[in-house]
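This report refers to the structure that appears directly beneath it.
Values in this text are rule-based calculations from the coordinates and carry no lab data. Owing to the predicted nature of the structure, the values given are computational and were not obtained by experimental measurement. Please note: Cβ atoms are built from the backbone with ideal geometry, for glycine as well, and neighbour counts cover all protein chains shown.
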Amino acid sequence: MHRRLNIRRSGLLVATLALALFACRAPRPLTEAEIAAGTALSSVVADRFQAQLIDRLQETIASDGMVAAIHVCAEEAPAIAGQLSAETGATVRRTALRNRNPAAVPDGLEAAVMAQWEGDPLEPGSGRPRRHSVVERDGGGERLRFLRAIPAAPQCLACHGPADMLAPEIRAAIAERYPEDRATGFAAGDLRGAFSITWTAEALRGALARGG
């Protein structure tokens with residue numbers, strides 16, 4: 001009888017220890033303060049991405065012409081995204097409903113958010129690009145997702161305007177590099193795409209501890 005009691009007590013002790021160990025390892029949910037700080041940091045990262053890309057496009061167009069800008073968007077934009085991802089710990093990229101680069105196809109959340117923005121990518125009143133942030137939760141933990149709209153600027157239309165209005169050399173360069181291109185037919189102010197930034201809870205806390 002005593003032996004059975006000891007076995008039961010041992011079993012309860014093991015179960016209790018296992019539950020305690022699981023509780024210690026369970027990921028700590030992001031706090032409201034962390035979500036707010038992460039959203040603000042994501043906005044800064046998106047602004048940096050846009051500023052660096054615009055600088056490179058302007059430099060390239062001034063020195064090598066508009067056709068060379070296609071190379072910047074194809075090669076240098078992903079490199080900028082990679083550099084920002086490595087620096088921050090987030091996953092940084094561009095995406096679009098009508099994508100040019102096959103790697104820019106949106107996932108479900110990105111597609112749903114951009115579909116809501118398609119009629120008007122600017123916030124009423126401020127005129128700033130729309131932003132969206134949400135925390136996704138699943139068995140792998142939490143992720144902070146952030147998107148910021150990219151409205152088509154007038155200078156973008158040289159490569160993204162109506163196809164029949166593009167210069168022949170630009171049409172040829174796009175067709176050669178992107179035979180399945182879907183990113184023409186835009187007007188100034190249309191939703192061109194979005195900056196998409198994804199943080200795991202661990203990566204976000206690390207970035208916030210480093211001061212961004």
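Residues whose amide H comes within less than 5 Å of that of ARG192, counting only those at least five positions distant or on another chain, are ILE150, ALA152 (H built at 1.01 Å from N in the peptide plane).
Phi-derived couplings, Karplus 6.51 cos²θ - 1.76 cosθ + 1.60 at θ = phi - 60°, listed residue by residue for region 119-130: x, 7, x, 10, 5, x, x, 6, x, 7, x, 4 Hz, with x used for Gly and Pro. Of the beta bridges in region 30-209, as assigned by DSSP with both residues counted there, near 100 percent are antiparallel. Rounded to the nearest 10 degrees, what's the angle between the helix 168-177 long axis and the longest principal axis of the chain, both from Cα atoms, 0 to 90? Approximately 30 degrees, to the nearest 10.
For the chain, the longest principal axis of the Cα atoms and the long axis of helix 32-64 meet at an angle of about 30 degrees. Averaging over all projection directions, the Cα-based convex hull of region 30-209 occupies 10.9 nm² in the image plane.
Under a point-charge model restricted to the Cβ atoms of Lys and Arg (+1) and Asp and Glu (-1), what is the dipole moment magnitude of the chain relative to its Cα centre, in debye to the nearest 20? Provide the component values of the computation, followed by the final result.
Details: 25 positive and 24 negative charges, 336 e Å.
Using Cβ point charges on Lys, Arg, Asp and Glu, the chain gives about 1620 debye.
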